[in-house]
Structures are given as C-alpha cells and as structure tokens.
Protein chains: 2
Amino acid sequence: MAYSPSHIELPVTTGPLPSSRKVHRPGVLHPEIRVAMREIDLEPTSGEPPLPVYDSSGPYSDPAVHINISSGLQRIRQSWIEGRGDVEAYDGRQIKPEDNGLTRFSKRETTPFPTPNMRPLRAKSDAVTQIAYARRGIITPEMEYVAIRENLGRTAMHEAARRDGESFGASIPDFVTPEFVRDEVARGRAIIPANINHPELEPMAIGRNFLVKINANIGNSAVASSIAEEVDKMVWATRWGADTVMDLSTGKNIHDTREWIIRNSPVPIGTVPIYQALEKVGGIAEDLSWDIFRDTLIEQAEQGVDYFTIHAGVRLPYIPMTAKRVTGIVSRGGSIMAKWCLSHHRESFLYEHFDDICDIMRAYDVSFSLGDGLRPGSIADANDEAQFAELYTLGELTKRAWARDCQVMIEGPGHVPMHKIQVNMTKQLEACGEAPFYTLGPLTTDIAPGYDHITSGIGAAMIGWFGCAMLCYVTPKEHLGLPDRDDVKVGVITYKLAAHAADLAKGHPAAQLRDDALSRARFEFRWRDQFHLSLDPETALKYHDATLPAEGAKTAHFCSMCGPKFCSMKITQEVRNFASKQNQEATAFIAAAVPDAEIGMADMSARFREAGGELYIPAPPAKSG
Amino acid sequence: MAYSPSHIELPVTTGPLPSSRKVHRPGVLHPEIRVAMREIDLEPTSGEPPLPVYDSSGPYSDPAVHINISSGLQRIRQSWIEGRGDVEAYDGRQIKPEDNGLTRFSKRETTPFPTPNMRPLRAKSDAVTQIAYARRGIITPEMEYVAIRENLGRTAMHEAARRDGESFGASIPDFVTPEFVRDEVARGRAIIPANINHPELEPMAIGRNFLVKINANIGNSAVASSIAEEVDKMVWATRWGADTVMDLSTGKNIHDTREWIIRNSPVPIGTVPIYQALEKVGGIAEDLSWDIFRDTLIEQAEQGVDYFTIHAGVRLPYIPMTAKRVTGIVSRGGSIMAKWCLSHHRESFLYEHFDDICDIMRAYDVSFSLGDGLRPGSIADANDEAQFAELYTLGELTKRAWARDCQVMIEGPGHVPMHKIQVNMTKQLEACGEAPFYTLGPLTTDIAPGYDHITSGIGAAMIGWFGCAMLCYVTPKEHLGLPDRDDVKVGVITYKLAAHAADLAKGHPAAQLRDDALSRARFEFRWRDQFHLSLDPETALKYHDATLPAEGAKTAHFCSMCGPKFCSMKITQEVRNFASKQNQEATAFIAAAVPDAEIGMADMSARFREAGGELYIPAPPAKSG
C-alpha cells in the first residue's frame, strides 16, 4: 500500500495487495478484451497453484499502470461503444453554478476535473442498453467480460469445486458462458450497469445467478468531507472489494465531485439524482419539478453515472400508511417525495413521468435502481403495508422499464428481523419478475449502534443466500456519523464476507476454492499463505503479530492460542502422518478401530509410538496433497 | 468506567454503565432473593419509563457494593445451598505443585487467592443438582431467580410486547414463572449451571425456551497472559454481557488463576479439565489416565467450576473418519483424546468412565458440557460423518447423565456454511432429547481471518434463531492470536447482538422492547437516549462525536449524515405533525390521498403549508406517544 504522489491534493492508494499479481484474460468472441483478475501466489514449497480471485480494484492495483487521477483512467470501453455504431457525440448540457450548489454570482469552490470532457455520447435512435442488445441476440464485449470474470479464473466446467448449496430456485450454472450472460440480461434477471459515458469501467453483472455483489456508499455531505476524501474513498472501497460505488453527495460541489469520481472509477457509479435536484431548489422539496429533475438526470447521464436510484414507487396513497410507524419514512429520497406529494397534494411526478425517465435511461444505458422510499427504519416497521405497497408498484414499473429496453434492479430494506427476511425476497421475485434485488443490509436488530455493519451483515448474508443480487454496505458509523477510511474498509470487508458466505450457501461452483485453500494453509501452518488468502491480509498479519511478532513465528508449526506444546492441528497431523507411514498397517488399524475388533491393539499402539507418536517431532514437510 | 484501586495488582472495571442503575427485584416464593437487573434511565422530557434490561455484570456495576477482589464476591447462595440440608463440608483435596504446572521442588509463581478457602461442600448422598430438585417438584431459589431475570423486568404477562417470531417448535412462554423454570430443568431442556462451591454466582439458565445466552472464553496460555489480565477479562466480559465465562487456561498457574476467577465471578465458570490434566502429565497425551483425570475433576469441582467440557464422545472408531478431512481434528480436547486412543489403541477412558464422571458431577452440581471434539475446523469438513457420529454418542451420554440426575448441555460447531446450519440444530434436538445446544459460532466462511467475530456472528445469530441456547463467542483475533481487552469487548458485543437478533426472530415476548425504545429515541433525535439504550454506549457516543463533537449536536434535531437542511426523519415528523394538527381534515386528507378522489387537493395543499409544511419549523416537543 503506497500513496501515489501523482497529484498532491488527491493521493490515492495504489499497488498490489500482498503476494498478488494483476492478470488479464483475453476474450474469445472479443479478443480485444482483457479481463482483469487477481492471482494470489502461495509459498513455493506448498505445491499449490496461484489462486485467481475476483478483482474490483481496477488499474490502481496494477503496478504496470501509471495512475494520474487528473487525467482519469483509460477509456477501455470507448472503442466497444463506438464500434456498435449506434451512438452520437453531441454538445452536452452547459454546467451551471447551481449544479455545484452555487448561486449565479458565487465562485466555484472546487477544482473542476482538469482534463477537458469529451463531448458526451447518446443513442442515435434505438436504446443503447445491454438489455436491448441482449434481446437482439448480441453478445457484447461487456457480456463476455462478465462471463470470464464470473468464472473466477476457471476456464472450463470440470474445474468446478463441489457444490452442495441451496439456491432457492436460482439457476446458477456450473460454468458461465457469454451466452448465459446474454440470456440473463435479456430476461432482465441480471443487469450490467454501464453508461456509454463511463467508458472507464470494467463491466460487472448484478443478478441472482451470478456472484453476490456489494456496494459502498460515499459522498460528501453538508456537514463534512471534501472532494479529495471522496475520490480516495472510492479507490479505497474498490481496493477492498466494492463492486459498485454510490456517490450520495449533498450540499455544494456535487457536480465537480462526481466528475472526479466517475473519471477515475473502474466500477459502476450510482447516484440518487433527487438529492442534487433538491439542492438546485435550495432544499425546498415542494419547489421540485419534473423539469428540474429531468435536467438533473441528463446532467448526470452525460457525466456517465451508471445507475440512478429513482423513488418512483412512493405514490401519494401510500404516504398515510406510514403515519403510525415508529420511525416513519427514513429514506431521504422517499421523504422528499412524500413531502412533495403532500404539499402539492398530487401524485408523484416521478411516477407520472416514468416513461419520460425511461427515454433518458435508454439513451445512455443508465440502469434503474428503483428506490424503496418507504423502507422500514426500524424492526418495528418491517414488512408493513407501506413497504409492500411500494414494492408492488416497483414491480409494475419494472415491466414498464423493460418494455422500453431499460435495465432495472430493485432496492430493498433496511431493518428486518431474521424471521421476516425471506418473505422480502420471495415477494420481490414475484412482484418484480426476477429483476435483481439490491438491499441495504437488512439490520436484524436496532440495539447496537456502532456495530450496525454486523447487525446488518447478518441480514445481508441471509438475504444474499435467499437470492439478493447486491448488498449495500453499512459501516460501523451508520446512524451515528460519517464513515472515515477505516470505517469504509470495515464496511466493505464485512459485506464481502457476507456476500461470500451467501455464494457458498447458494452453491456457487467455485466459491469454496478460496475457503479450502485458506483452510489447507491454516492446517499446514503456512501463516503467510493464510494472510495472503484472506480478505484483509493487512489486518490478519497485524493481529498475528500483536501476539507473536517474531518473524520466525510466521513459519512456526504452532500458534499463539495454544503454544508449542499443545496444538490440536499438530496432533492431527501426527495422526495423519502415522496413518500414511504405516500404509498397509493403517488399513488394518482402521478396521481394528471398530471396537468390536479389539485384536492387535497393543501392537498398533507400539507402532504408533514408533511412527512418531509424540508431541515434539520435527515439523513435517509442508503440504502433501 | 473507572479502575478500582482496591488491589493494585488486579485493577478491575467498576461502576455503572452510562445512565444506568442497578435494581434488585425480590422473590415471592423465596423473598430473600434479590434479582439484579439494570434499568436505563431516559431523558425526563421523553416521557419514557426506565427500560429494565438483563444484567450479567454482577456487583461490579453497583456503586453500593465495595469491591475487593482479594476477598471475592459476597457468597449470596451460601444460605440457599446449606438451607437444603443435603450437603456436607469436608477437608478438600490438598493443592499440589502440579496443579499449577510446577514440579515438586519449584516455587509457586503466582499469588494464591489470599482469602483462605472455606472447606468445600459436597452432597451427603443424593444428587444436589438443580435437575434433581426439579424432578422432585422443588422450586429452588435459583429457579425463581432465573424466572424473574428472564422476564426482563415485566411483572405480568400483559406487559408483553407483540411477538410474531418463528421459533421452530420451541415453547417460549408469554411470561416465565418459577414453575416453568422448574419444569424446563426437570425435562433437561434447560440447565442452571451452579456448583454448590460457587455460591458467589447469580443464577442463570441456558435453554431453548429462554433468552439466548453467550459465553466468553478467557484463559492464559503458555505463550502470553497473566492472572491479573485474566481476572480483569472476566469482569470486563461480564460487564458487556457475557452470561458465562470459560477459563481455558493452559500452561502454569492454572489452579491459582482459576481460584481468583471463580471467587470473583458473578457468572458460571466453565473449564475443559483435560487441559489441566494434560499439564499434570507434562503435555504427553498418552500418559493421561482416568486417575489423573478424576483427580482433576475433583480439584476443580471443589473450587466451584460450574460446568465441565468433557469430550467423551470422541470414541476410538470415529477417529479414522477424520483422516481425509481438510483440517482434521481442531478441537484441542478432541485431539488430545484422539491421540490417547490411537496411542493405547483403546476406547476413550472418558467414555468408559462416564458413569464415574456423572457421580462426581452430581455431588457438586457441575453441569456437563459434552464437548464436540470432532467438530469441523473448516467449511469443507462441515456436517461430515465424524461430526454426526460423535453427536449421536453425545445423545446417548445425555441420557446416561440424566439418569444420574446430572445437568447436561451439548457443544456444537464450529465452521458451517449457512445452508448446513439448520440440520445441525435439528439433529441435535433429535439426538440429544432437547438438551440445550451450545455452539461456537459457527463461522460461515473461512476467508476472513481478522473478522471471524463477524463470519461466526452470522452463523451464531442463525443457529440461535433455530434453537441454540448458548453461543460461544469468537473474537477478531480468532485463528491469529490472543484476544486483548478490546477484542474481548468486540467479541462480546457481537455475540450479544447476535443473541438478541435470535431472540427477536424466535419471538421472545419482551425482546423487542429495547429495539423499539431505541428506535423511538432515534426518530425523536434523543441522541443521549440512543447511546444509553445501545449495547455499547461508549462506542456509539465516540462515533457520534467523531463527526459532531459539539455538545449541542447531542440535542440537535439532525445528524451528521444529512445535515440540518436535509433530514428525512425531520420531514417525516413534519408530515406527522401536519396529520395530527389538522385532525378532522386529516381524515379527509387521507381519503383524498387515494388518487381517484382528486377533489380539494389545492385546498389541502394550502393547509399543509399553513400547518408548517416547510423545512425550518422549530423543533417539535419531544415525544407525543
């Protein structure tokens, strides 16, 4: 981990994770694509091959790439997009002072992104969305990229690890082909969020039949934070595994902050456009209008935002359903729209203009993230009438968006006790025709502020298992304050492990390879391999060194929990050594171990002692197979 | 939080948690008992009553009690035990140098507990166990203590909160009576670990129909740690919610360390006696014998250990079943017994002497914790033949122990992916006749060392929901090093929230009261109440202050996430104020909100604005109902 000095005001973390290399796999249908992955090298004496793992960190972890965040990442998708021949560059919307929360006469407070924007692209006529291509039978480079990525380095089906999960009706294949990806996107069961104006991103998929993904939220707020911190948080979050990042900035400098983030982001960026629209009307919800909202959508679509949270399901008749809740409406977007609806006593303009919104989304391939503005803010309010009324409206809107070739996912709660989680998933699948579900946690209890990454990590792992496609992280600061770098990392790692636990339980064919590699390393006292295979090698090493800092302890055949005299793993290894050394006798020995056959026990006992049946034998050579 | 200077070498944390008071509820059947609870006082302006919560912290959090750990806690159960007239004091076993891991000629390295031991008690003839009394229809003071404690301050059934959980066949009552406790103990569905030589403890129950409990492990090891640290960890762990503590010390000074811990512990203490027995034979597993083990059981029973982990299910024929595992045998006790069995090629002496062990347990009321010596040490090994073979033997042993009036719980895994957790619970219930289950996690993935409190907290919450009665905590240092104070706290809080999430999901009738109180505080911007109601008020306050340190921010009607202009909770409050102010109009308003009835909307809109429909209205008075 090193801070790049490329831009003094905006240091970001670069360099590979320990013992890791960036590798690129070429496409077959599209030989020009280079799918980025990470390979973890293990100790040469272990005899273990490098372990390929999914890599969301982009070029920042590739020492071969010179990072200069003032010019942004390489536009890897530019030629793919232009090669399709269905987009046109045009003179985009002019940036206005109010885009950054300024008045006409105030000065811009932030440095605009220094590399001049290219002219934005938009569709010439038809939708330029991945679902539109998929439905026409086209396998895009984005789809092949996703297919290679999802196989976790496997190049053929027979390399699958054992799979014995329970997937609750999902259709997870043994091996992901580009055609499978196309089909999932065409059915609306997966999305590839990839705005044509965000050519820097490395394509990824969100869907129940793929690896469970996680999102990290960043964003300045009126109270604290700066552009520099937010860009760094984006790079930092993706380094540890964030598959997408939402920029939830409010207050001033929203436009400039977002530009810096998108130009430097290897992952899809999501936003909640109503936040910026509200800033443009001075924070007065009732002054919002379709024109201001529409203008904001275009502004952000031209910048390259990959998915928009749109709270179009907060309909006027549902608002009174929240009046008796313990915590009312807790979604910011939901409460803004509720206030607008009540104030004007009119149906939501988002709902009424939904088809117009679709027309914008399809022209840039911005995916919908249909927001759950009425999600519960406490255990007490979980699964109530308001929540499910909105969900069924989101299902209606999903079908309308699909009819216009838009990609759609659905946002979900929130705060839900464990016994009420699964019904959220089953209702969502039913209401929304298997469009991907994207939940915030859910938190399984309200009594642990400061630990809500954990209260929600429990719910996230469970709903991921049940079929949720993406989990929005929660940091330890949730409900209390703004996350700093450490909080972002803890949130991301917590959600990565929750998503991985879900992949295992769903029976993803290759998920367990990493667990097994780490368990073998653990059993064989390959401490460094154990650190390198973990989600957070730095913390694992630090915790180990807190008890046994000596370098020699990293090759010691014992650990701090038991000390050298008393290690269960060491004893097991002795048992196993004995069994393999004695070979033929071992067969008899196992037979003899059945208590009915008590013959030859004294003899076996003597042989066990001969074979090294004591606690201080020299360390066995690492790894036999 | 303050360090008591009562003994310079052994500081422990004393004093109440913020805004909390110790209260004592008297018994009815046994008026002499004083059941300790904590009441959390909320802001006077809130109109909310104090919230009573379960309190495992003992007298340390009671400012009225003078703590002197050199003399130990008050022996509150002494008169209850002696009053039953079925025990006798006798000259206990002499302490030998090898009890502390010393040779005959080496000097004791640690300070023996300075207050001379009372002569130990044992049964005159019949079992003096809670199950023996329960079966004879006797409601002991311990049982009434538990009943009052389990009701969380409710004094009658009608105070129950709503309950809508899924308990998977448990029989959780609306209100816990002393007779219910007696019946559960008599059936073996719950235990009250309470050695007659540990009169200092405040009785608690472990059973599927009670609140889910958690255990914290402490213990010195050969590599690090001291008596002082271990006593402090015990006090510290119970302060944050540990319901029992296991002393897993190995190496030297085991006897003295344990004496200090027991004499100062308000919660049941568990041990794994084979650890100390192994020390007595110099760490050579094959030199263990029944005589040495028996002597160790009596040594520890006389000290007052409340439950023993006994790995009597590791039978000779099961050991070869582990040979092909990825991580072999990872239980220390299991691997010691495996080594003994292989070396002698004999059936386990624990299994063969099980009835003799029962005779010791029933004479002191030491509860069995039947150890899972063959639990899986990795996802790959979960739910295998060896694990379940042992489980069914534990079921057989449970019935033998019950036949001798011994209390029994069953230990369980370990490392289990989510989809394989529930079958562990159902098989345990079936095999062990509903004896309480006590699991370590389980960890739901192996890839996150440094975060195994979370990988296991997920599994713990789930198995607690499915019916597991006690969850053994895992700290962030698991697999890497020895936990320090901070790790112990994080482990305990993580497991408290997991246990509480399980109580909510099972439908415990009063569990949600705390969630709801905290959610109301959150919604009404009572920041201090939110901190005080949380499991870890110190961390919640610290995280809040990291963003908004000003004292005024703790009464501000906004938070750092959105800032003053943009708060969804504030908007909801406005919606609600409007609804209540307008009263009759509100009814019409809700009717009008149905989009079909579009009359009067402009009028309603005007009234909303009149009623304060803007974002900067003065803060509403806190709490209306």
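If I filter segment B:368-379 for residues that are of a type outside the set (A, V, I, L, M, F, W, C), touching a Phe, Trp or Tyr at 6+ places or on another chain (Cβ under 6 Å), in a helix (DSSP H, G or I) and open to solvent by less than 10 Å² (accessible area, probe 1.4 Å), do I get at least one hit? Before you say what the answer is, go through the steps one by one.
Kept after step one, since they are of a type outside the set (A, V, I, L, M, F, W, C), are these residues of segment B:368-379: B:369, B:371-373, B:375-378.
If we keep only those that are touching a Phe, Trp or Tyr at 6+ places or on another chain (Cβ under 6 Å) as well, we get B:369.
Cutting the leftovers down to in a helix (DSSP H, G or I) gives us none.
No, there is no match, as no residue in segment B:368-379 is of a type outside the set (A, V, I, L, M, F, W, C), touching a Phe, Trp or Tyr at 6+ places or on another chain (Cβ under 6 Å), in a helix (DSSP H, G or I) and open to solvent by less than 10 Å² (accessible area, probe 1.4 Å).
Looking at (1) in contact (Cβ under 8 Å) with a residue 12 or more places away in the chain; (2) at the interface with chain A (Cβ under 7 Å from one of its Cβ atoms), find the lone condition where B:E524 falls short.
Status for B:E524: all satisfied but (2).
Within segment B:91-198, which helices (runs of 4 or more DSSP H) (wholly inside it) include 2 or more residues that are modelled with pLDDT of 95 or more and open to solvent by 10 Å² or more (accessible area, probe 1.4 Å)?
Working: elements: B:130-135, B:141-150, B:178-187.
Per the criteria, B:141-150, B:178-187.
Residues A:A386, A:A403: which one is open to solvent by 10 Å² or more (accessible area, probe 1.4 Å) and over 24 Å from the mean Cα position of the chain (by Cα)?
Numbers: A:A386 fails: open to solvent by 10 Å² or more (accessible area, probe 1.4 Å).
One residue alone meets the criteria, A:A403.
In this structure, is A:R84 out of contact with any Gly (no Cβ under 9 Å at 6 or more places or on another chain) and either buried (at least 16 other Cβ atoms within 10 Å of the Cβ) or at pLDDT below 90 (or both)? First the steps, then the outcome.
Numbers: out of contact with any Gly (no Cβ under 9 Å at 6 or more places or on another chain): yes; either buried (at least 16 other Cβ atoms within 10 Å of the Cβ) or at pLDDT below 90 (or both): no.
Considered against the rule, which asks whether it is out of contact with any Gly (no Cβ under 9 Å at 6 or more places or on another chain) and either buried (at least 16 other Cβ atoms within 10 Å of the Cβ) or at pLDDT below 90 (or both), A:R84 comes out as no.
Of the conditions (1) under 18 Å from A:G101 (Cα atoms); (2) at pLDDT 95 or above; (3) within 12 Å of chain B (Cβ to nearest Cβ), A:G282 clears all except one; give me its number.
Here A:G282 clears every test but (2).
Would you pick out the residues in segment A:18-37 that are open to solvent by less than 30 Å² (accessible area, probe 1.4 Å) and over 28 Å from A:M118 (Cα atoms)? Steps first, answer last, please.
Going residue by residue through segment A:18-37, those that are open to solvent by less than 30 Å² (accessible area, probe 1.4 Å) are A:20, A:23, A:27, A:33, A:35-37.
Result: A:S20, A:V23, A:M37.
With respect to the numbered conditions (1) small (G, A, S); (2) open to solvent by less than 50 Å² (accessible area, probe 1.4 Å); (3) over 28 Å from A:S125 (Cα atoms), which one is the sole condition not fulfilled by A:S71?
(2)
Does B:A550 satisfy being at pLDDT below 95 and under 28 Å from B:V176 (Cα atoms)? So that I can check it myself, show each step before the final result.
Numbers: at pLDDT below 95: yes; under 28 Å from B:V176 (Cα atoms): no.
Considered against the rule, which asks whether it is at pLDDT below 95 and under 28 Å from B:V176 (Cα atoms), B:A550 comes out as no.
Which of the residues that make up segment B:486-516 are more than 9 Å from chain A (Cβ to nearest Cβ), in contact (Cβ under 8 Å) with a residue 40 or more places away in the chain and over 17 Å from the mean Cα position of the chain (by Cα)?
Matches in segment B:486-516: B:P509, B:A510, B:L513.
Do we have B:T140 as among the hydroxyl-bearing types (S, T, Y), over 19 Å from B:R362 (Cα atoms) and in contact (Cβ under 8 Å) with a residue 24 or more places away in the chain here? Even if it seems obvious, please write down each step before you answer.
On the way: among the hydroxyl-bearing types (S, T, Y): yes; over 19 Å from B:R362 (Cα atoms): no; in contact (Cβ under 8 Å) with a residue 24 or more places away in the chain: yes.
Considered against the rule, which asks whether it is among the hydroxyl-bearing types (S, T, Y), over 19 Å from B:R362 (Cα atoms) and in contact (Cβ under 8 Å) with a residue 24 or more places away in the chain, B:T140 comes out as no.
Taking segment B:337-363, which residues are of a type in the set (S, T, Y) and modelled with pLDDT of 95 or more? Write out each step before concluding.
First, pick out the residues of segment B:337-363 that are of a type in the set (S, T, Y): B:343, B:348, B:351.
If the condition is that a residue be of a type in the set (S, T, Y) and modelled with pLDDT of 95 or more, then B:S348, B:Y351 are the ones that fit.
Does segment A:439-457 contain at least one residue that is hydrophobic (A, V, I, L, M, F, W, C) and more than 30 Å from B:K542 (Cβ to Cβ)? Outline the logic, then answer.
Of segment A:439-457, the ones hydrophobic (A, V, I, L, M, F, W, C) are A:440, A:443, A:447-448, A:454.
Then keep just the ones that are more than 30 Å from B:K542 (Cβ to Cβ); that gives none.
No, every residue in segment A:439-457 fails to be hydrophobic (A, V, I, L, M, F, W, C) and more than 30 Å from B:K542 (Cβ to Cβ).
Conditions tested, residue by residue: (1) in contact with a helix residue (DSSP H, G or I) (Cβ under 7 Å, 6 or more places away or on another chain); (2) within 7 Å of chain B (Cβ to nearest Cβ); (3) among the charged types (D, E, K, R).
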| position | (1), (2), (3) |
| --- | --- |
| A:Y438 | no, no, no |
| A:A448 | yes, yes, no |
| A:Y451 | yes, yes, no |
| A:I463 | yes, no, no |
| A:F466 | yes, no, no |
| A:M470 | no, no, no |
| A:T475 | yes, no, no |
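Identify the single condition in (1) more than 24 Å from B:S378 (Cα to Cα); (2) facing chain B (nearest Cβ under 7 Å) that A:Q530 does not satisfy, given that it satisfies every other one.
Failed condition: (1).
Every residue, every condition in (1) within 14 Å of chain B (Cβ to nearest Cβ); (2) over 10 Å from A:S348 (Cβ atoms); (3) open to solvent by less than 10 Å² (accessible area, probe 1.4 Å), yes or no:
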site: A:D291; (1), (2), (3): no, yes, no
site: A:A301; (1), (2), (3): no, yes, yes
site: A:D306; (1), (2), (3): no, yes, yes
site: A:R315; (1), (2), (3): yes, no, no
site: A:P320; (1), (2), (3): yes, yes, no
site: A:A323; (1), (2), (3): yes, yes, no
site: A:G328; (1), (2), (3): yes, yes, yes
site: A:G334; (1), (2), (3): yes, yes, yes
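Please determine, by comparing only the residues of segment B:306-320 that are modelled with pLDDT of 95 or more and of a type in the set (A, V, I, L, M), which one is farthest from B:L342 (Cα to Cα).
Within segment B:306-320, the subset modelled with pLDDT of 95 or more is B:306-315.
From what's left, of a type in the set (A, V, I, L, M): B:310, B:312, B:314.
Numbers: B:I310: 18, B:A312: 15, B:V314: 11 Å.
Taking the candidates together, the pick is B:I310.
Residue check: is B:C358 farther than 23 Å from B:T244 by Cβ and either open to solvent by less than 10 Å² (accessible area, probe 1.4 Å) or assigned to a helix (DSSP H, G or I) (or both)? Walk me through how you get there before you give the answer.
On the way: farther than 23 Å from B:T244 by Cβ: no; either open to solvent by less than 10 Å² (accessible area, probe 1.4 Å) or assigned to a helix (DSSP H, G or I) (or both): yes.
So B:C358 fails the test.
The values are calculated or read from the model by the stated rules, or taken from the named source; none is laboratory data. Since we're looking at a predicted model, the values are computed, not measured. Glycine gets a Cβ as well: all are built from the backbone with ideal geometry, and neighbour counts include every protein chain shown. Please note that ligands, DNA and RNA were not included when accessible areas were found on the heavy atoms of the full protein model with its side chains. Shrake-Rupley method; radii C 1.70, N 1.55, O 1.52, S 1.80 Å.
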